[in-house]
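S.K.: The structure that follows is given in the form of C-alpha cells.
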Number of protein chains: 2
Amino acid sequence: MSTKDSATEELIKETAKKIFFSEGRFNATTQEIADAAGVNRTLVHYYFRSRDLLFEKVWLEGHAEFKEKLMEEPKGDLSFKQKIERFIDVWMAHAQKYPYLDSYLAANMHAGELLDNVAKFRDDHEQRKKAFLQEIEREMKAGTIPEMDPMQFVLNLVSLISYPLAMRPLMERSLSLGKKKYEALMKERKQAILKVLFKD
Amino acid sequence: MSTKDSATEELIKETAKKIFFSEGRFNATTQEIADAAGVNRTLVHYYFRSRDLLFEKVWLEGHAEFKEKLMEEPKGDLSFKQKIERFIDVWMAHAQKYPYLDSYLAANMHAGELLDNVAKFRDDHEQRKKAFLQEIEREMKAGTIPEMDPMQFVLNLVSLISYPLAMRPLMERSLSLGKKKYEALMKERKQAILKVLFKD
DNA sequence: TAATTGTTTGACAAAATTGTTAAACAAAGG
DNA sequence: CCTTTGTTTAACAATTTTGTCAAACAATTA
C-alpha cells in the first residue's frame with residue numbers, strides 16, 4: 001500500500017493469498033500462481049523478484065491485517081466478557097477467510113524468519129498484553145473465571161478459538177461430520193467457548 | 001514391520017520421522033535426509049523407491065502409532081474423568097515427541113490422500129466414538145460437566161490439548177515466554193485443562 | 001510524432017531435485 | 001573358492017522449478 005500498486009501486482013498478490021492461505025497449497029509454483037491469476041509467469045518475478053519474496057510479502061500482509069483487526073481499540077468501554085467476545089468474533093472471521101494462515105505458521109515455525117518480522121509489533125503491544133493479563137487476574141479475583149495462571153487462560157482462549165478452524169478438515173473427518181453439520185457447530189462455537197471460560 | 005526391516009532402512013525411516021515431524025522440515029530433500037542419516041542418497045530410493053513413498057510411509061506409521069496408543073483399552077475400569085486424564089497424558093506425550101505431525105496434517109488436508117488411508121481405522125473406532133459421546137451426555141446430565149453439544153466438548157478437549165503444543169514456538173514468542181517458563185506451563189497444563197472442562 | 005516510461009511476453013539459462021543404472025562390495029551358503 | 005544374494009556407491013539422465021534477458025507492446029508526455 002506504500003505507493004500505487006498496479007492492478008496486476010495486486011491481482012497476483014490476492015491470487016497468491018488465496019492459493020496459499022485459503023486453499024493451503026503452500027508449495028504452489030510460480031507457474032500455478034500465474035495461471036490462476038491469468039498472467040504471464042514472468043510478471044511474478046517482475047513485481048516480486050522471487051517466489052520467496054512474494055510469499056513473504058503476502059504472508060506478512062495477511063498476518064498484519066489480522067493483528068491489526070485483533071488489536072484495534074474498540075469504541076466504547078467494554079466489559080471483560082465483551083472484550084473476549086469481540087476477540088472471538090474477529091479471530092473466527094479471519095480464520096474463515098484464511099484457514100491455512102495459522103497452520104502454515106505452526107508448520108513452519110522452525111524457519112523463524114517470519115516471526116522476526118512479526119516481532120516488530122512487539123513494543124506497541126507489550127504493554128497492552130500486560131494490561132490484559134492484569135485484567136484477567138482481576139476477573140479471577142472477582143470470581144467470574146476460574147483461578148489459574150493467567151497465561152493458561154490465554155492459552156485456553158486461543159486454543160478453543162483457533163484449533164477447530166485450523167484443523168477443520170481433520171475434525172470433520174474424525175468426527176464423521178458433514179460440511180453442514182460442522183458449520184452449524186462453528187455457529188454455536190462462540191457460546192461453547194464462553195461457557196467453558198466463564199463460570200457463568 | 002511386515003518383514004525384516006534392515007537396520008539401514010529403519011535408520012532412514014527414523015531419521016525421516018525426526019526431520020519431518022520433530023523438526024517440522026517437510027520440504028527436506030532426499031539429500032538432506034540421507035545426510036542426516038549418514039547414508040548415501042541412493043539408498044533412500046533403494047528402500048523406498050521415491051521420496052513421496054518414504055514420506056507417506058513414515059507419516060502413516062507415526063499416525064498409526066499415535067492412534068493405537070490413544071485407543072488402547074485401559075486395564076481396569078476408569079471413571080470418565082480418569083479416561084479424560086489418560087487421553088490428555090497420551091496425547092501430550094506424543095505431541096512432545098512429534099510436535100509437527102498434527103500441524104502437517106492440518107496444513108495438508110486439502111491433498112486428501114492421507115486421510116483416506118487413515119479412514120481404514122474407522123469402522124473399528126466408529127462405535128467406540130459413539131459410546132464416548134453417550135458417556136459425555138451422561139456426564140452432562142449428572143452435572144459433572146457443563147451442558148452443551150457433546151461434539152463441542154470433544155472439540156474443546158482436543159483444542160486445549162493440541163494447540164499449545166502444536167503452536168508452541170508461536171505461543172512462546174507472542175507471550176514473551178522463555179523455554180523454561182513454557183515448559184513449566186505445559187507441566188501445569190493438564191490441571192488447567194481439567195479445570196475448565198469439569199465443573200469440579 | 002518521437003521519446004520516454006512502464007508493462008508484458010517468449011525464449012533461454014541455471015539451479016535444484018528426483019530417479020535410474022551399472023558396477024563395486026560384502027556377507028553367507030554351498 | 002565360487003556363487004548367490006543383498007547392500008552400497010558413483011555417475012548419469014530426466015524433470016521440475018526458478019530466475020534472467022532482450023525484444024515487443026502500450027500508454028503517456030513532450
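The values are calculated or read from the model by the stated rules, or taken from the named source; none is laboratory data. Everything numeric in this text was worked out from a predicted model, so none of it was measured. Virtual Cβ from ideal backbone geometry, glycine too; neighbours counted across all protein chains shown. The area values use the complete protein model at the heavy-atom level, side chains included, leaving out ligands, DNA and RNA. Shrake-Rupley method; radii C 1.70, N 1.55, O 1.52, S 1.80 Å.
S.K.: Within the stretch A:40-58, how many residues turn out to be more than 14 Å from DNA strand C (Cβ to nearest atom) and either within 14 Å of chain B (Cβ to nearest Cβ) or exposed (fewer than 14 other Cβ atoms within 10 Å of the Cβ) (or both)?
M.R.: Pass one, the stretch A:40-58, residues more than 14 Å from DNA strand C (Cβ to nearest atom): A:53-58.
Now narrow it down to the ones that are either within 14 Å of chain B (Cβ to nearest Cβ) or exposed (fewer than 14 other Cβ atoms within 10 Å of the Cβ) (or both): A:53, A:55.
Here the count works out to 2.
S.K.: Oh, and also: Here are B:GLU61, B:GLU23: which of them is away from DNA strand D (no atom under 15 Å from the Cβ) and away from every other protein chain (no Cβ under 14 Å)?
M.R.: Details: B:GLU23 fails: away from every other protein chain (no Cβ under 14 Å).
Sole residue among the options that is away from DNA strand D (no atom under 15 Å from the Cβ) and away from every other protein chain (no Cβ under 14 Å): B:GLU61.
S.K.: Within the stretch A:149-175, how many residues turn out to be more than 7 Å from chain B (Cβ to nearest Cβ) and not aliphatic (A, V, I, L, M)?
M.R.: 5
S.K.: Answer yes or no as to whether A:SER79 is out of contact with any Lys or Arg (no Cβ under 9 Å at 6 or more places or on another chain), open to solvent by less than 60 Å² (accessible area, probe 1.4 Å) and away from DNA strand C (no atom under 16 Å from the Cβ). Spell out the reasoning first.
M.R.: Working: out of contact with any Lys or Arg (no Cβ under 9 Å at 6 or more places or on another chain): yes; open to solvent by less than 60 Å² (accessible area, probe 1.4 Å): yes; away from DNA strand C (no atom under 16 Å from the Cβ): yes.
Here the answer is yes, as A:SER79 does meet what is asked.
S.K.: Identify all residues within the stretch B:141-157 that are aliphatic (A, V, I, L, M), crowded, with 16+ Cβ neighbours inside 10 Å and free of Cβ contacts under 8 Å to residues at least 40 places away in the same chain; write none if there are none. Don't jump to the end; show me each part of the working.
M.R.: Taking the stretch B:141-157 first, the residues aliphatic (A, V, I, L, M) are B:142, B:145, B:148, B:151, B:154-155, B:157.
Retained after the next criterion (residues that are crowded, with 16+ Cβ neighbours inside 10 Å): B:145, B:148, B:151, B:154-155, B:157.
Correct list: B:MET148, B:MET151, B:VAL154, B:LEU155.
S.K.: Test of understanding: among B:ALA7, B:ALA16, which residue is of a type in the set (A, V, I, L, M, F, W, C), out of contact with any strand residue (DSSP E or B) (no Cβ under 6 Å at 6 or more places or on another chain), open to solvent by 10 Å² or more (accessible area, probe 1.4 Å) and within 16 Å of DNA strand D (Cβ to nearest atom)?
M.R.: Criteria check complete, one pass: B:ALA7.
S.K.: On to the next question. Answer with yes or no whether A:GLU73 is within 14 Å of DNA strand D (Cβ to nearest atom) and within 23 Å of the chain's Cα centre (by Cα).
M.R.: Working: within 14 Å of DNA strand D (Cβ to nearest atom): no; within 23 Å of the chain's Cα centre (by Cα): yes.
Considered against the rule, which asks whether it is within 14 Å of DNA strand D (Cβ to nearest atom) and within 23 Å of the chain's Cα centre (by Cα), A:GLU73 comes out as no.
S.K.: Please tell me if B:ALA192 is at the interface with chain A (Cβ under 7 Å from one of its Cβ atoms) and more than 18 Å from the chain's Cα centre (by Cα).
M.R.: Details: at the interface with chain A (Cβ under 7 Å from one of its Cβ atoms): yes; more than 18 Å from the chain's Cα centre (by Cα): yes.
Against the criterion (at the interface with chain A (Cβ under 7 Å from one of its Cβ atoms) and more than 18 Å from the chain's Cα centre (by Cα)), B:ALA192 qualifies.
S.K.: Going by the conditions given, is B:ALA95 within 16 Å of DNA strand C (Cβ to nearest atom) and open to solvent by less than 70 Å² (accessible area, probe 1.4 Å)?
M.R.: Working: within 16 Å of DNA strand C (Cβ to nearest atom): no; open to solvent by less than 70 Å² (accessible area, probe 1.4 Å): yes.
No, not satisfied.
S.K.: Going residue by residue through the stretch A:17-39, is there one that turns out to be of a type in the set (D, E, K, R) and within 16 Å of DNA strand C (Cβ to nearest atom)?
M.R.: Of the stretch A:17-39, the ones of a type in the set (D, E, K, R) are A:17-18, A:23, A:25, A:32, A:35.
Now narrow it down to the ones that are within 16 Å of DNA strand C (Cβ to nearest atom): A:32, A:35.
Yes - at least one qualifying residue is present in the stretch A:17-39.
S.K.: Could you please give the count of residues in the stretch B:168-189 that are without any contact (Cβ under 8 Å) to a residue 24 or more places away in the chain and open to solvent by less than 30 Å² (accessible area, probe 1.4 Å)?
M.R.: In the first step, residues of the stretch B:168-189 are kept if they are without any contact (Cβ under 8 Å) to a residue 24 or more places away in the chain; the result is B:169-185, B:187-188.
Then keep just the ones that are open to solvent by less than 30 Å² (accessible area, probe 1.4 Å); that gives B:170-171, B:175, B:177, B:182, B:185.
Going through the stretch B:168-189 one residue at a time, the tally reaches 6.
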